[in-house]
Amino acid sequence: MQNGNGGGFKTGATCLDFWPDMSEYTKTYNTPLKLKDGSTAQMFSSADPETIDLHFKWMKQYGIDGAIIQRFKSAVELNHPSTKAIIGYCLEAAKKYDRAVMVEYDLSGLSGAESVQKIIDDWNSIVAEFHIDDPEQQPNYLWTHGKPIVGFFGIDMNNKGGDPAQYFEMFDKMVGRDGKPGGCSFLAGCAYYWRTEGSDAKVLSEWTPVLERCAVISPWAVGRYGSKTAFTAKYDQIKGDLQWCNERDIIYAPVAFPGFSWANMHVVWNGADKATFDESNPYDASPRLRGEFYWTQLACYIQWKCPAVFLAMFDEMDEGTAIFKCAHEADAPVMTSEATPWGRFCYIDDDLPSGYYLHLAGSAGKWLKGEPGYTQKRPEYVEN
């Protein structure tokens, strides 16, 4: 939650652009921020099993199929006991609420000279500790093509994901089905223009063997368009991607996101009390439009015959893509200060329930699976 440009974490200084709706959490922590009534703003911790239980309860309540647990490649992330404990809590909650769960490694910043052995070792230790290779012990861990699935974010992205040889090493050494190396399926969180090259993608011919080893391809869409019109203009890109995947029996899972905003993260601090707003990163850079932006993506993907959708993201508050319950303006902390008179959060519209984006996501999932009563019309909200 700390501002990455030196502002610390206090009123006016945080990397978050949304604040969570805290009304249902049973375990919370004081923050330096204050609510409008002067009381101390509370925050949850994802390291608490109570938090994870609530989040999976929401998935069940709203009809969201499951969650991806993201792990970063840093030694701090991989070696910290609480981050591995979170996997255990997620597996328990997934079993309790009958939701799917899988692990994805964010390999942003991976250099071609960097060893991937730490990723291999981390995954293999997770399998050993939680028995992910045994569907009887972990029936809710996600499998495809008869193997447990692992995700990699950053494949073929410019300035992000290393080189193909590193992925083949991970493919061949990560333990999967029957406890054997090479026994996993893989999800490629890849560049948006992976197939047509340019922009955010490397040369396709160099990465085709890697992508063809993956069971799922999910191009990263956040920041690639910011309006309904800009999204629907991607039709030819998406249809071409889908055809490429269908020809190779690969599941195509395009990304849908509710909106985008990371203004607070990019405030520039010069000392503790002097701040400058970055005009190139405004609040609501991709406006949510009361759910219309999100629903347009979801509905189009289903109408365009995409077999799956990657929902970005469940709890990503610092990039404004969170679909879980976020606060209305009246319930969010004060963000204006002498240094940041413009400061604020983004908010859920006052006349929409905080669970509205969970509702849209779940409704789209039911439509995608052919459940009766779900169509392209944006669904009215009914509290479950």
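The values are calculated or read from the model by the stated rules, or taken from the named source; none is laboratory data. Everything numeric here is computed off the predicted structure, so don't read it as measured data. Heads up, the Cβs are rebuilt from the backbone with ideal geometry, glycines too, and the neighbour counts pull from every protein chain shown. Note: accessible area is taken over every heavy atom of the protein model, side chains too, but ligands, DNA and RNA are not part of it. Shrake-Rupley method; radii C 1.70, N 1.55, O 1.52, S 1.80 Å.
So the values come out like this:
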item	result
Subset of segment 66-101 [at pLDDT below 95 and not in a helix (DSSP H, G or I)]	72, 73, 74, 80
Test: residue in segment 154-166 that is in a helix (DSSP H, G or I) and in contact with a helix residue (DSSP H, G or I) (Cβ under 7 Å, 6 or more places away or on another chain)	yes
Hits in segment 294-313 - residues which are part of a loop (DSSP other than H, G, I, E, B) and either surrounded by fewer than 19 Cβ atoms within 10 Å (Cβ to Cβ) or free of Cβ contacts under 8 Å to residues at least 60 places away in the same chain (or both)	304, 305, 307, 308, 309, 313
Sole residue being modelled with pLDDT under 95, not in a helix (DSSP H, G or I) and not acidic (Asp, Glu), chosen from 112, 38	112
Candidate set: segment 262-287, residues that are of a type in the set (D, E, K, R) and free of Cβ contacts under 8 Å to residues at least 60 places away in the same chain; chosen: the one most open to solvent (accessible area, probe 1.4 Å)	279
The one condition in (1) in contact with a helix residue (DSSP H, G or I) (Cβ under 9 Å, 6 or more places away or on another chain); (2) open to solvent by 40 Å² or more (accessible area, probe 1.4 Å); (3) closer than 27 Å to residue 45 by Cβ that residue 330 fails to fulfil	(1)
Of all residues making up segment 167-214, the number that are open to solvent by 60 Å² or more (accessible area, probe 1.4 Å) and of a type in the set (A, V, I, L, M)	1
Qualifying residues in segment 333-384 (those that are polar (S, T, N, Q), farther than 19 Å from residue 31 by Cβ and in contact (Cβ under 8 Å) with a residue 24 or more places away in the chain) - the one least open to solvent (accessible area, probe 1.4 Å)	363
Of all residues in segment 19-35 being part of a loop (DSSP other than H, G, I, E, B) and in contact with a strand residue (DSSP E or B) (Cβ under 8 Å, 6 or more places away or on another chain), the one that is surrounded by the most Cβ atoms within 10 Å (Cβ to Cβ)	19
Selection within segment 135-161 - open to solvent by 10 Å² or more (accessible area, probe 1.4 Å), closer than 23 Å to residue 83 by Cβ and at pLDDT below 95	160
Qualifying residue in segment 46-63 (condition: open to solvent by 20 Å² or more (accessible area, probe 1.4 Å), part of a loop (DSSP other than H, G, I, E, B) and not acidic (Asp, Glu))	yes
Failed condition for residue 320, given (1) touching a strand residue (DSSP E or B) at 6+ places or on another chain (Cβ under 8 Å); (2) small (Gly, Ala, Ser); (3) in a helix (DSSP H, G or I)	(3)
